[in-house]
Structures are given as C-alpha cells and as structure tokens.
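A.B. asks: Okay, here's the structure, questions in a sec.
The values are calculated or read from the model by the stated rules, or taken from the named source; none is laboratory data. This structure is a prediction, so every number in the text was calculated from the model and none was measured. Note: ideal-geometry Cβ built from the backbone for every residue, glycine included; neighbour counts use all protein chains shown. Accessible surface areas use protein heavy atoms only, side chains included; no ligands, DNA or RNA. Shrake-Rupley method; radii C 1.70, N 1.55, O 1.52, S 1.80 Å.
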Amino acid sequence: MAAWLPAAAAPVLRGIHGLPLLHSAHRMFASQTEGERKVTQILKEKFPRATAIQVTDISGGCGAMYEIKIESEEFKEKRTVQQHQMVNQALKEEIKGMHGLRVFTSIPKH
C-alpha cells in the first residue's frame, strides 16, 4: 500500500518573500491573453492617471476570473470600497461575463 503524503509535503514553488506562487505564475513572462489586453485597455481609458495596471487571467486562460492591480491618483481620499466600486463600474459590461474578480487598488507613493 502506498503511503499518503499531505499536500504540504509536495515541493512548492516560492516567489518573493517566500510566499507560494499561484497556479498562474507560470505565465508571468508570457504575453497577455486577449482578455487581459482588453481589460487593461479599458482600465487605461477609465483611469488615465494610473501609474501601474496589471491584469492577470487567473482562470487558466479562459477569461472567467481576473486579478487586477491598479495604482492611480484617482483613488486618493477614497475608501478602499469606493476604489473597488470605481474599478467595478469601469468594467461593468466585462464583469457580466466573469465568474470572479480580485481587485487590488493603491495610491502612488511620492
């Protein structure tokens, strides 16, 4: 009978700060998918003062779930929930076709 090994015993790829990499990390250096490009373009148009926008398809490439990181002056003096509402509003039509969305917003540090 084969011994059962817990998942923790399996080797884990680790990124910066020793945190485990997500399943989508293998695409880190690959070009963006069509969905990622589309969402990025919309965010660039809706947040022209953004200093950083990163869109990652975390659904394995099918476009059902995205992780968005956006840094913009437009978020200044807004609560986190308001910042996320701004992103959701910008992507209102695209969100209808998604199963999930992770949003991380920040204000540039000067």
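A.B. asks: Cβ-Cβ under 6 Å, sequence separation 6+ or interchain: first residue in region 86-101 and over 16 Å from residue 50 (Cβ atoms) and without any contact (Cβ under 8 Å) to a residue 40 or more places away in the chain, partner of a type in the set (Ser, Thr, Tyr) and open to solvent by less than 50 Å² (accessible area, probe 1.4 Å). Which pairs?
C.D. replies: Close Cβ pairs satisfying both conditions: 101/66.
A.B. asks: Filter region 83-101 down to residues that are part of a loop (DSSP other than H, G, I, E, B) and open to solvent by less than 100 Å² (accessible area, probe 1.4 Å) and give me whichever is modelled with the highest pLDDT. Reasoning before the result, please.
C.D. replies: The initial filter retains those residues of region 83-101 that are part of a loop (DSSP other than H, G, I, E, B), namely 91, 96-99.
The next check asks that each one be open to solvent by less than 100 Å² (accessible area, probe 1.4 Å); those that pass are 91, 97-98.
Details: 91: 97, 97: 91, 98: 92.
This residue is 91.
A.B. asks: Tell me the residue from 107, 95, 70, 53 that is closer than 15 Å to residue 32 by Cα and of a type outside the set (S, T, N, Q), please. Walk me through how you get there before you give the answer.
C.D. replies: Numbers: 107 fails: closer than 15 Å to residue 32 by Cα; 95 fails: closer than 15 Å to residue 32 by Cα; 70 fails: closer than 15 Å to residue 32 by Cα.
The match here is 53.
A.B. asks: Select from region 71-88 the residues that are more than 9 Å from residue 106 (Cα to Cα) and among the polar types (S, T, N, Q) and list them in ascending order.
C.D. replies: Taking region 71-88 and keeping what is more than 9 Å from residue 106 (Cα to Cα), we get 74, 77-79, 81-82, 84-88.
Correct list: 82, 85, 88.
A.B. asks: What number of residues within region 33-57 satisfy the criterion of being in contact (Cβ under 8 Å) with a residue 24 or more places away in the chain, in a helix (DSSP H, G or I) and not acidic (Asp, Glu)?
C.D. replies: Total satisfying the criteria: 6.
A.B. asks: How many of the residues making up region 49-66 are under 18 Å from residue 100 (Cα atoms), of a type in the set (A, V, I, L, M) and open to solvent by less than 40 Å² (accessible area, probe 1.4 Å)?
C.D. replies: 3
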